[in-house]
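Here is the structure we will look at.
The values are calculated or read from the model by the stated rules, or taken from the named source; none is laboratory data. Keep in mind the model is a prediction, meaning the values are calculated, not measured. Ideal geometry is used to build each Cβ from the backbone, glycine not excepted, and the neighbour counts take in all protein chains shown.
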Amino acid sequence: MIGERLPHEFLFSRAFTDDPYAAYAELRARGPVHPIDFPRGAEAFLVVDHEHGRAALNDPRLSKDTAHSSLPVAAEPYFGGTMLGMDPPGHTRLRGLVAKAFTARRVEALRPRVEEITGELLDGIAARGEADLIDDFAVPLPIQVICELLGVPAADRGRFRRWTAVITAPVLSPEMYDRWREAAGAFNGYLLEVFAERRAHPQDDLVSGLLGARDGDAALSEADLLGTIMLLIIAGHETTVNLIGNAVLALLTTPGQRALLRGRPELLPGAIEEFLRHDGPVERATQRIALEDMEIAGTRIPQGAWVHVSLGAAGRDPAAFDAPDTLDVTRAPHRHLAFGHGIHFCLGAPLARLEARIAIGGLLERFPDLAPAVPPGELERHRNGSIIRGVAALPVRV
Ligand code: HEM
(Lines give C-alpha, C1' and ligand atoms only; values in the text may rest on other atoms or scores of the structure.)
Protein backbone atom coordinates (compact mmCIF):
# COMPACT_ATOMS: atom_id res chain seq x y z
CA MET A 1 0.00 0.00 0.00
CA ILE A 2 1.59 3.28 -1.11
CA GLY A 3 1.08 6.32 1.18
CA GLU A 4 -0.40 9.72 0.32
CA ARG A 5 2.95 11.09 -0.83
CA LEU A 6 5.33 8.92 -2.82
CA PRO A 7 8.71 8.58 -1.10
CA HIS A 8 11.46 9.30 -3.59
CA GLU A 9 13.43 6.21 -2.43
CA PHE A 10 10.48 3.98 -3.26
CA LEU A 11 10.87 4.79 -6.95
CA PHE A 12 14.42 3.43 -6.82
CA SER A 13 13.69 0.45 -4.58
CA ARG A 14 13.97 -3.24 -5.46
CA ALA A 15 10.25 -3.77 -4.79
CA PHE A 16 9.36 -1.08 -7.28
CA THR A 17 11.86 -2.27 -9.93
CA ASP A 18 10.50 -5.81 -9.62
CA ASP A 19 6.97 -4.72 -10.45
CA PRO A 20 6.45 -1.03 -11.15
CA TYR A 21 3.22 -1.77 -13.01
CA ALA A 22 1.42 -2.99 -9.88
CA ALA A 23 2.45 0.20 -8.07
CA TYR A 24 1.31 2.32 -11.01
CA ALA A 25 -2.06 0.58 -11.07
CA GLU A 26 -2.52 1.32 -7.37
CA LEU A 27 -1.59 4.96 -7.88
CA ARG A 28 -3.68 5.36 -11.03
CA ALA A 29 -6.75 4.09 -9.20
CA ARG A 30 -6.35 7.11 -6.88
CA GLY A 31 -5.70 9.70 -9.59
CA PRO A 32 -3.43 10.66 -12.49
CA VAL A 33 -0.94 12.94 -10.65
CA HIS A 34 0.98 12.19 -7.43
CA PRO A 35 3.37 14.32 -5.35
CA ILE A 36 6.80 12.75 -4.78
CA ASP A 37 8.77 13.43 -1.59
CA PHE A 38 12.10 14.51 -3.00
CA PRO A 39 15.27 15.10 -0.98
CA ARG A 40 16.20 18.68 -0.21
CA GLY A 41 12.59 19.78 -0.44
CA ALA A 42 12.21 19.93 -4.21
CA GLU A 43 8.61 19.86 -5.39
CA ALA A 44 8.04 16.95 -7.74
CA PHE A 45 5.10 15.09 -9.25
CA LEU A 46 4.58 11.82 -11.07
CA VAL A 47 2.00 11.49 -13.85
CA VAL A 48 0.73 7.91 -14.23
CA ASP A 49 -2.04 8.03 -16.82
CA HIS A 50 -1.91 8.18 -20.63
CA GLU A 51 -4.07 11.26 -21.28
CA HIS A 52 -2.30 13.68 -18.95
CA GLY A 53 1.12 12.12 -19.56
CA ARG A 54 0.80 12.64 -23.30
CA ALA A 55 -0.41 16.23 -22.83
CA ALA A 56 2.43 17.02 -20.38
CA LEU A 57 5.11 15.75 -22.80
CA ASN A 58 3.94 18.32 -25.34
CA ASP A 59 3.13 21.23 -23.01
CA PRO A 60 5.30 24.33 -23.67
CA ARG A 61 4.76 25.39 -20.03
CA LEU A 62 6.90 22.41 -19.06
CA SER A 63 10.58 22.95 -19.80
CA LYS A 64 13.41 20.45 -20.29
CA ASP A 65 15.96 22.98 -19.04
CA THR A 66 16.89 22.23 -15.41
CA ALA A 67 17.98 25.85 -14.92
CA HIS A 68 14.27 26.59 -14.36
CA SER A 69 14.07 24.26 -11.35
CA SER A 70 13.28 25.80 -7.96
CA LEU A 71 15.95 23.46 -6.60
CA PRO A 72 19.44 24.73 -7.39
CA VAL A 73 20.85 22.09 -9.73
CA ALA A 74 24.62 21.70 -9.85
CA ALA A 75 25.84 22.86 -13.24
CA GLU A 76 26.58 19.74 -15.26
CA PRO A 77 29.72 20.66 -17.10
CA TYR A 78 29.51 17.98 -19.76
CA PHE A 79 25.88 17.94 -20.75
CA GLY A 80 25.24 21.62 -21.30
CA GLY A 81 24.71 20.98 -24.93
CA THR A 82 22.21 18.13 -25.27
CA MET A 83 18.98 18.78 -27.11
CA LEU A 84 17.21 16.63 -24.54
CA GLY A 85 17.91 19.29 -21.91
CA MET A 86 16.92 22.28 -24.05
CA ASP A 87 13.84 24.20 -25.10
CA PRO A 88 13.36 25.99 -28.44
CA PRO A 89 15.13 27.72 -30.11
CA GLY A 90 18.34 25.94 -28.95
CA HIS A 91 16.59 22.58 -29.15
CA THR A 92 15.33 23.22 -32.66
CA ARG A 93 18.82 24.14 -33.88
CA LEU A 94 20.62 21.13 -32.39
CA ARG A 95 17.93 18.63 -33.35
CA GLY A 96 17.86 20.03 -36.89
CA LEU A 97 21.57 19.37 -37.26
CA VAL A 98 21.34 15.63 -36.70
CA ALA A 99 17.74 14.94 -37.73
CA LYS A 100 18.73 14.37 -41.37
CA ALA A 101 20.81 11.35 -40.37
CA PHE A 102 17.83 9.65 -38.71
CA THR A 103 15.01 9.97 -41.23
CA ALA A 104 13.14 6.75 -42.07
CA ARG A 105 14.81 6.70 -45.51
CA ARG A 106 18.38 7.20 -44.25
CA VAL A 107 17.83 4.58 -41.59
CA GLU A 108 16.36 2.09 -44.07
CA ALA A 109 19.65 2.34 -45.98
CA LEU A 110 21.36 0.83 -42.93
CA ARG A 111 19.24 -2.34 -43.20
CA PRO A 112 21.82 -4.52 -45.05
CA ARG A 113 24.52 -3.68 -42.52
CA VAL A 114 22.19 -4.28 -39.52
CA GLU A 115 21.23 -7.66 -41.06
CA GLU A 116 24.88 -8.52 -41.58
CA ILE A 117 25.88 -7.71 -37.99
CA THR A 118 22.83 -9.62 -36.68
CA GLY A 119 23.75 -12.64 -38.83
CA GLU A 120 27.33 -12.65 -37.53
CA LEU A 121 26.19 -12.47 -33.91
CA LEU A 122 23.66 -15.27 -34.42
CA ASP A 123 26.36 -17.42 -36.14
CA GLY A 124 28.57 -17.01 -33.07
CA ILE A 125 25.73 -18.02 -30.75
CA ALA A 126 24.82 -21.03 -32.95
CA ALA A 127 28.42 -22.22 -32.86
CA ARG A 128 28.50 -22.11 -29.04
CA GLY A 129 24.99 -23.54 -28.51
CA GLU A 130 24.36 -21.25 -25.56
CA ALA A 131 24.60 -17.56 -24.85
CA ASP A 132 23.76 -14.64 -22.66
CA LEU A 133 21.44 -12.84 -25.04
CA ILE A 134 22.19 -9.50 -23.37
CA ASP A 135 26.00 -9.54 -23.60
CA ASP A 136 26.21 -11.64 -26.75
CA PHE A 137 23.37 -10.11 -28.76
CA ALA A 138 21.29 -7.21 -27.41
CA VAL A 139 24.38 -5.15 -26.46
CA PRO A 140 26.76 -5.59 -29.40
CA LEU A 141 24.19 -5.08 -32.18
CA PRO A 142 23.01 -1.50 -31.47
CA ILE A 143 26.43 -0.46 -30.24
CA GLN A 144 28.16 -1.62 -33.40
CA VAL A 145 25.53 0.17 -35.52
CA ILE A 146 25.66 3.52 -33.69
CA CYS A 147 29.48 3.47 -33.59
CA GLU A 148 29.66 2.88 -37.36
CA LEU A 149 27.06 5.59 -38.02
CA LEU A 150 28.90 8.14 -35.91
CA GLY A 151 32.39 7.03 -36.86
CA VAL A 152 33.68 6.23 -33.36
CA PRO A 153 35.67 3.00 -32.95
CA ALA A 154 33.36 0.12 -31.98
CA ALA A 155 36.41 -1.56 -30.42
CA ASP A 156 36.06 0.98 -27.59
CA ARG A 157 32.54 -0.12 -26.78
CA GLY A 158 33.58 -1.64 -23.43
CA ARG A 159 34.54 1.84 -22.28
CA PHE A 160 31.35 3.45 -23.70
CA ARG A 161 29.27 0.91 -21.88
CA ARG A 162 30.99 1.56 -18.54
CA TRP A 163 30.69 5.34 -18.90
CA THR A 164 27.11 5.11 -20.11
CA ALA A 165 26.08 2.89 -17.19
CA VAL A 166 27.36 5.47 -14.69
CA ILE A 167 25.99 8.48 -16.57
CA THR A 168 22.46 7.07 -16.88
CA ALA A 169 22.23 5.79 -13.29
CA PRO A 170 20.31 8.02 -10.86
CA VAL A 171 22.62 10.26 -8.82
CA LEU A 172 21.46 9.73 -5.23
CA SER A 173 24.54 10.68 -3.18
CA PRO A 174 27.64 12.93 -3.36
CA GLU A 175 29.76 9.81 -4.06
CA MET A 176 27.55 8.94 -7.00
CA TYR A 177 27.88 12.47 -8.28
CA ASP A 178 31.69 12.15 -8.07
CA ARG A 179 31.51 8.95 -10.10
CA TRP A 180 29.15 10.62 -12.55
CA ARG A 181 31.58 13.51 -13.06
CA GLU A 182 34.52 11.16 -13.46
CA ALA A 183 32.73 9.07 -16.13
CA ALA A 184 31.40 12.13 -17.97
CA GLY A 185 34.86 13.73 -17.86
CA ALA A 186 36.57 10.63 -19.24
CA PHE A 187 33.95 10.30 -21.99
CA ASN A 188 34.37 13.97 -22.82
CA GLY A 189 38.18 13.67 -23.07
CA TYR A 190 37.86 10.60 -25.26
CA LEU A 191 35.53 12.40 -27.69
CA LEU A 192 37.84 15.42 -27.91
CA GLU A 193 40.59 13.04 -29.09
CA VAL A 194 38.22 11.57 -31.70
CA PHE A 195 37.34 15.11 -32.84
CA ALA A 196 41.01 16.04 -33.24
CA GLU A 197 41.68 12.92 -35.26
CA ARG A 198 38.63 13.45 -37.49
CA ARG A 199 39.44 17.11 -38.09
CA ALA A 200 42.83 15.99 -39.37
CA HIS A 201 41.36 13.10 -41.39
CA PRO A 202 37.64 13.65 -42.20
CA GLN A 203 35.62 10.51 -43.05
CA ASP A 204 32.17 9.85 -44.43
CA ASP A 205 30.55 9.67 -41.00
CA LEU A 206 28.34 11.73 -38.67
CA VAL A 207 31.16 13.01 -36.45
CA SER A 208 33.03 14.41 -39.48
CA GLY A 209 29.78 15.88 -40.84
CA LEU A 210 28.97 17.60 -37.55
CA LEU A 211 32.51 18.92 -37.19
CA GLY A 212 32.20 20.41 -40.67
CA ALA A 213 28.90 22.03 -39.70
CA ARG A 214 30.40 23.35 -36.45
CA ASP A 215 33.45 24.82 -38.10
CA GLY A 216 31.23 26.64 -40.59
CA ASP A 217 28.73 27.96 -38.03
CA ALA A 218 29.72 30.21 -35.18
CA ALA A 219 26.36 29.49 -33.45
CA LEU A 220 27.33 25.88 -32.82
CA SER A 221 29.76 25.48 -29.94
CA GLU A 222 32.17 22.65 -29.25
CA ALA A 223 30.10 21.91 -26.10
CA ASP A 224 26.97 21.54 -28.26
CA LEU A 225 28.79 19.07 -30.41
CA LEU A 226 30.17 17.07 -27.49
CA GLY A 227 26.74 16.92 -25.88
CA THR A 228 25.11 15.81 -29.11
CA ILE A 229 27.56 13.00 -29.86
CA MET A 230 27.52 11.84 -26.25
CA LEU A 231 23.72 11.80 -26.24
CA LEU A 232 23.63 9.76 -29.44
CA ILE A 233 26.10 7.23 -28.06
CA ILE A 234 24.26 6.97 -24.74
CA ALA A 235 20.83 6.78 -26.38
CA GLY A 236 22.17 4.24 -28.85
CA HIS A 237 23.44 2.08 -25.96
CA GLU A 238 21.01 1.92 -23.13
CA THR A 239 17.74 1.98 -24.99
CA THR A 240 17.68 -0.44 -27.93
CA VAL A 241 19.71 -2.91 -25.87
CA ASN A 242 16.88 -3.05 -23.37
CA LEU A 243 14.12 -3.06 -25.97
CA ILE A 244 15.68 -6.21 -27.44
CA GLY A 245 16.36 -7.64 -23.96
CA ASN A 246 12.85 -6.96 -22.62
CA ALA A 247 11.29 -8.33 -25.82
CA VAL A 248 13.32 -11.55 -25.62
CA LEU A 249 12.43 -11.93 -21.94
CA ALA A 250 8.73 -11.50 -22.79
CA LEU A 251 8.95 -14.09 -25.57
CA LEU A 252 10.75 -16.59 -23.34
CA THR A 253 8.09 -16.25 -20.66
CA THR A 254 5.02 -16.23 -22.95
CA PRO A 255 5.49 -19.21 -25.32
CA GLY A 256 2.05 -18.69 -26.91
CA GLN A 257 3.00 -15.23 -28.13
CA ARG A 258 6.34 -16.53 -29.33
CA ALA A 259 4.71 -19.31 -31.37
CA LEU A 260 2.26 -16.81 -32.84
CA LEU A 261 5.04 -14.46 -33.91
CA ARG A 262 7.17 -17.24 -35.34
CA GLY A 263 4.26 -18.49 -37.41
CA ARG A 264 3.26 -15.01 -38.60
CA PRO A 265 6.40 -12.90 -39.12
CA GLU A 266 4.25 -10.16 -40.70
CA LEU A 267 3.15 -9.37 -37.14
CA LEU A 268 6.70 -8.33 -36.23
CA PRO A 269 6.42 -4.51 -36.68
CA GLY A 270 3.28 -4.39 -34.53
CA ALA A 271 4.85 -6.77 -32.01
CA ILE A 272 7.80 -4.39 -31.52
CA GLU A 273 5.31 -1.60 -30.71
CA GLU A 274 3.63 -3.96 -28.25
CA PHE A 275 6.95 -4.74 -26.54
CA LEU A 276 7.57 -0.99 -26.27
CA ARG A 277 4.15 -0.42 -24.71
CA HIS A 278 4.15 -3.44 -22.44
CA ASP A 279 7.65 -3.13 -20.99
CA GLY A 280 9.53 -0.33 -22.71
CA PRO A 281 13.12 0.58 -21.81
CA VAL A 282 12.68 4.29 -21.05
CA GLU A 283 10.46 4.23 -18.05
CA ARG A 284 10.63 7.58 -16.29
CA ALA A 285 13.50 9.55 -17.84
CA THR A 286 11.13 12.22 -19.04
CA GLN A 287 11.32 14.92 -16.42
CA ARG A 288 10.22 18.46 -17.11
CA ILE A 289 10.07 21.66 -15.06
CA ALA A 290 7.05 23.94 -14.69
CA LEU A 291 7.79 27.41 -16.07
CA GLU A 292 4.70 28.84 -14.34
CA ASP A 293 2.11 27.82 -11.75
CA MET A 294 -0.19 25.37 -13.49
CA GLU A 295 -2.59 22.49 -12.96
CA ILE A 296 -2.50 18.94 -14.26
CA ALA A 297 -5.74 17.00 -13.78
CA GLY A 298 -6.71 19.33 -10.94
CA THR A 299 -3.37 19.03 -9.10
CA ARG A 300 -1.61 22.34 -8.57
CA ILE A 301 1.96 22.31 -9.91
CA PRO A 302 4.00 25.31 -8.69
CA GLN A 303 6.50 27.10 -10.89
CA GLY A 304 9.91 25.40 -10.67
CA ALA A 305 8.49 21.98 -9.73
CA TRP A 306 9.60 18.78 -11.49
CA VAL A 307 7.04 16.77 -13.42
CA HIS A 308 7.95 13.16 -14.23
CA VAL A 309 5.82 11.40 -16.81
CA SER A 310 5.93 7.63 -16.47
CA LEU A 311 5.86 6.23 -20.00
CA GLY A 312 5.60 2.73 -18.54
CA ALA A 313 2.51 3.67 -16.53
CA ALA A 314 0.92 5.34 -19.58
CA GLY A 315 1.40 2.09 -21.52
CA ARG A 316 -0.58 0.16 -18.90
CA ASP A 317 -3.45 2.64 -18.59
CA PRO A 318 -6.75 0.74 -19.06
CA ALA A 319 -8.36 3.96 -20.33
CA ALA A 320 -5.99 3.83 -23.34
CA PHE A 321 -5.47 0.05 -23.86
CA ASP A 322 -7.80 -2.91 -23.39
CA ALA A 323 -6.40 -5.54 -20.99
CA PRO A 324 -3.20 -3.45 -20.66
CA ASP A 325 -1.25 -6.01 -18.62
CA THR A 326 -1.60 -8.65 -21.33
CA LEU A 327 1.13 -8.90 -23.96
CA ASP A 328 -0.69 -9.23 -27.27
CA VAL A 329 1.48 -9.11 -30.41
CA THR A 330 -1.63 -8.67 -32.57
CA ARG A 331 -2.67 -5.49 -30.74
CA ALA A 332 -3.47 -2.48 -32.96
CA PRO A 333 -3.57 0.46 -33.28
CA HIS A 334 -0.73 1.60 -31.08
CA ARG A 335 -0.67 4.90 -29.23
CA HIS A 336 2.06 4.07 -26.72
CA LEU A 337 4.34 6.81 -25.43
CA ALA A 338 7.50 4.70 -25.19
CA PHE A 339 9.37 7.05 -27.57
CA GLY A 340 7.91 10.15 -25.89
CA HIS A 341 5.69 12.67 -27.61
CA GLY A 342 5.96 16.21 -28.97
CA ILE A 343 9.10 18.09 -29.92
CA HIS A 344 11.40 15.72 -27.99
CA PHE A 345 9.92 12.59 -29.60
CA CYS A 346 12.77 10.10 -29.89
CA LEU A 347 15.02 10.99 -32.78
CA GLY A 348 16.36 7.44 -32.95
CA ALA A 349 12.94 5.74 -33.16
CA PRO A 350 13.31 4.64 -36.82
CA LEU A 351 16.73 3.15 -36.06
CA ALA A 352 15.54 1.44 -32.86
CA ARG A 353 12.57 -0.06 -34.71
CA LEU A 354 14.72 -1.32 -37.58
CA GLU A 355 17.25 -2.91 -35.23
CA ALA A 356 14.60 -4.51 -33.02
CA ARG A 357 12.67 -5.98 -35.97
CA ILE A 358 15.80 -7.48 -37.51
CA ALA A 359 17.11 -8.73 -34.15
CA ILE A 360 13.89 -10.34 -32.91
CA GLY A 361 12.92 -11.65 -36.36
CA GLY A 362 16.40 -13.14 -36.84
CA LEU A 363 16.45 -14.75 -33.42
CA LEU A 364 13.04 -16.39 -33.82
CA GLU A 365 13.77 -17.67 -37.30
CA ARG A 366 17.23 -18.98 -36.51
CA PHE A 367 16.53 -20.63 -33.14
CA PRO A 368 13.13 -22.35 -33.03
CA ASP A 369 14.21 -24.20 -29.86
CA LEU A 370 15.42 -21.14 -27.97
CA ALA A 371 15.01 -21.87 -24.25
CA PRO A 372 16.12 -20.29 -20.98
CA ALA A 373 19.23 -21.92 -19.50
CA VAL A 374 17.84 -21.28 -16.00
CA PRO A 375 14.38 -22.03 -14.56
CA PRO A 376 11.99 -19.44 -16.12
CA GLY A 377 11.21 -17.69 -12.82
CA GLU A 378 14.90 -16.92 -12.41
CA LEU A 379 15.13 -14.86 -15.58
CA GLU A 380 13.26 -12.01 -13.88
CA ARG A 381 15.87 -11.97 -11.11
CA HIS A 382 18.24 -10.20 -13.47
CA ARG A 383 15.96 -7.17 -13.66
CA ASN A 384 17.88 -3.97 -13.30
CA GLY A 385 17.56 -0.30 -13.88
CA SER A 386 15.23 2.25 -12.45
CA ILE A 387 15.06 5.02 -14.99
CA ILE A 388 16.05 2.68 -17.78
CA ARG A 389 14.30 -0.67 -17.45
CA GLY A 390 16.02 -3.84 -18.59
CA VAL A 391 17.51 -7.20 -17.66
CA ALA A 392 21.22 -7.61 -16.94
CA ALA A 393 21.50 -11.18 -18.26
CA LEU A 394 19.46 -13.64 -20.35
CA PRO A 395 21.16 -17.05 -20.25
CA VAL A 396 19.71 -19.27 -22.99
CA ARG A 397 20.30 -22.51 -24.88
CA VAL A 398 19.70 -22.50 -28.61
C1 HEM B 1 14.61 11.12 -27.00
C2 HEM B 1 13.09 6.63 -26.02
C3 HEM B 1 16.46 4.77 -28.99
C4 HEM B 1 18.17 9.22 -29.71
C5 HEM B 1 13.89 10.06 -26.50
C6 HEM B 1 12.75 10.17 -25.63
C7 HEM B 1 12.34 8.92 -25.34
C8 HEM B 1 13.20 8.00 -26.05
C9 HEM B 1 11.18 8.53 -24.45
C10 HEM B 1 12.10 11.50 -25.16
C11 HEM B 1 12.39 11.84 -23.72
C12 HEM B 1 11.60 13.05 -23.25
O13 HEM B 1 10.69 13.55 -23.93
O14 HEM B 1 11.89 13.53 -22.16
C15 HEM B 1 13.86 5.75 -26.75
C16 HEM B 1 13.64 4.33 -26.81
C17 HEM B 1 14.59 3.81 -27.65
C18 HEM B 1 15.40 4.90 -28.12
C19 HEM B 1 12.53 3.59 -26.08
C20 HEM B 1 14.84 2.40 -28.10
C21 HEM B 1 13.99 1.45 -28.02
C22 HEM B 1 17.22 5.81 -29.45
C23 HEM B 1 18.33 5.68 -30.37
C24 HEM B 1 18.81 6.95 -30.55
C25 HEM B 1 17.99 7.86 -29.78
C26 HEM B 1 18.82 4.39 -30.98
C27 HEM B 1 19.95 7.44 -31.41
C28 HEM B 1 20.80 6.79 -31.99
C29 HEM B 1 17.36 10.09 -29.03
C30 HEM B 1 17.59 11.52 -29.00
C31 HEM B 1 16.57 12.08 -28.20
C32 HEM B 1 15.73 10.96 -27.78
C33 HEM B 1 18.72 12.28 -29.69
C34 HEM B 1 16.36 13.55 -27.88
C35 HEM B 1 15.38 14.15 -28.83
C36 HEM B 1 15.05 15.58 -28.50
O37 HEM B 1 15.30 16.06 -27.38
O38 HEM B 1 14.52 16.25 -29.40
N39 HEM B 1 14.15 8.72 -26.75
N40 HEM B 1 14.93 6.06 -27.53
N41 HEM B 1 17.04 7.13 -29.12
N42 HEM B 1 16.24 9.78 -28.29
FE43 HEM B 1 15.53 7.93 -28.00
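The set of residues in segment 321-337 that are touching a helix residue (DSSP H, G or I) at 6+ places or on another chain (Cβ under 7 Å), within 16 Å of the ligand (Cβ to nearest atom) and at pLDDT below 95 contains only H334.
Rundown of residues vs (1) in contact with a strand residue (DSSP E or B) (Cβ under 9 Å, 6 or more places away or on another chain); (2) of a type in the set (V, I, T); (3) farther than 13 Å from R284 by Cα; (4) not in a strand (DSSP E or B), yes/no style:
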site	(1), (2), (3), (4)
E9	yes, no, yes, yes
F16	no, no, no, yes
L27	yes, no, yes, yes
G53	yes, no, no, yes
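Restricting segment 343-357 to residues that are hydrophobic (A, V, I, L, M, F, W, C) and near the ligand (Cβ under 9 Å from one of its atoms) leaves a set whose member that is nearest to R61 (Cα to Cα) is I343. Looking across segment 225-237, just one residue is touching a Lys or Arg at 6+ places or on another chain (Cβ under 9 Å) and at pLDDT below 85, and that is H237. Scanning segment 359-377 for residues that are under 15 Å from A138 (Cα atoms) and either surrounded by fewer than 19 Cβ atoms within 10 Å (Cβ to Cβ) or near the ligand (Cβ under 9 Å from one of its atoms) (or both) returns a single hit, G362. Considering segment 123-147, and only residues there that are in contact (Cβ under 8 Å) with a residue 24 or more places away in the chain and surrounded by fewer than 17 Cβ atoms within 10 Å (Cβ to Cβ), the residue that is nearest to the ligand (Cβ to nearest atom) turns out to be D135.
Restricting to segment 5-57, and then to whatever is acidic (D, E) and in contact (Cβ under 8 Å) with a residue 12 or more places away in the chain, can you tell me which residue is nearest to L71 (Cα to Cα)?
E43
In segment 355-372, the residues that are in contact (Cβ under 8 Å) with a residue 24 or more places away in the chain form Cβ pairs under 6 Å with partners that are of a type outside the set (A, V, I, L, M) and within 16 Å of the ligand (Cβ to nearest atom), at six or more places apart or across chains, as follows: E355/P142; E355/T240; I358/T118; A359/T118; G362/T118. Answer with yes or no whether P318 is out of contact with any helix residue (DSSP H, G or I) (no Cβ under 6 Å at 6 or more places or on another chain), closer than 14 Å to I272 by Cα and either in a helix (DSSP H, G or I) or more than 9 Å from the ligand (Cβ to nearest atom) (or both). For P318, the condition - out of contact with any helix residue (DSSP H, G or I) (no Cβ under 6 Å at 6 or more places or on another chain), closer than 14 Å to I272 by Cα and either in a helix (DSSP H, G or I) or more than 9 Å from the ligand (Cβ to nearest atom) (or both) - is not met.
Taking the listed residues G304, G340, the one that is within 15 Å of the ligand (Cβ to nearest atom), touching a residue at least 24 places away in the same chain (Cβ under 8 Å), not in a helix (DSSP H, G or I) and not hydrophobic (A, V, I, L, M, F, W, C) is G340, with no other qualifying.
Filtering segment 104-113 to residues that are surrounded by fewer than 14 Cβ atoms within 10 Å (Cβ to Cβ) and either within 10 Å of the ligand (Cβ to nearest atom) or farther than 12 Å from A352 by Cα (or both) leaves R105, A109, P112, R113.
Assuming R288 fulfils every condition listed in (1) within 12 Å of the ligand (Cβ to nearest atom); (2) over 30 Å from V207 (Cα atoms); (3) touching a Leu at 6+ places or on another chain (Cβ under 6 Å) apart from one, which condition is it? Just one mismatch for R288, condition (2).
Within the bounds of segment 255-266, is there any residue that is in a helix (DSSP H, G or I) and within 16 Å of the ligand (Cβ to nearest atom)?
Just the residues of segment 255-266 that are in a helix (DSSP H, G or I), to begin with: 255-263, 265-266.
If we keep only those that are within 16 Å of the ligand (Cβ to nearest atom) as well, we get none.
No: segment 255-266 contains no residue that is in a helix (DSSP H, G or I) and within 16 Å of the ligand (Cβ to nearest atom).
Checking A338, A323, A349, A332 one by one, the residue that is crowded, with 18+ Cβ neighbours inside 10 Å and out of contact with any strand residue (DSSP E or B) (no Cβ under 6 Å at 6 or more places or on another chain) is A338 and no other.
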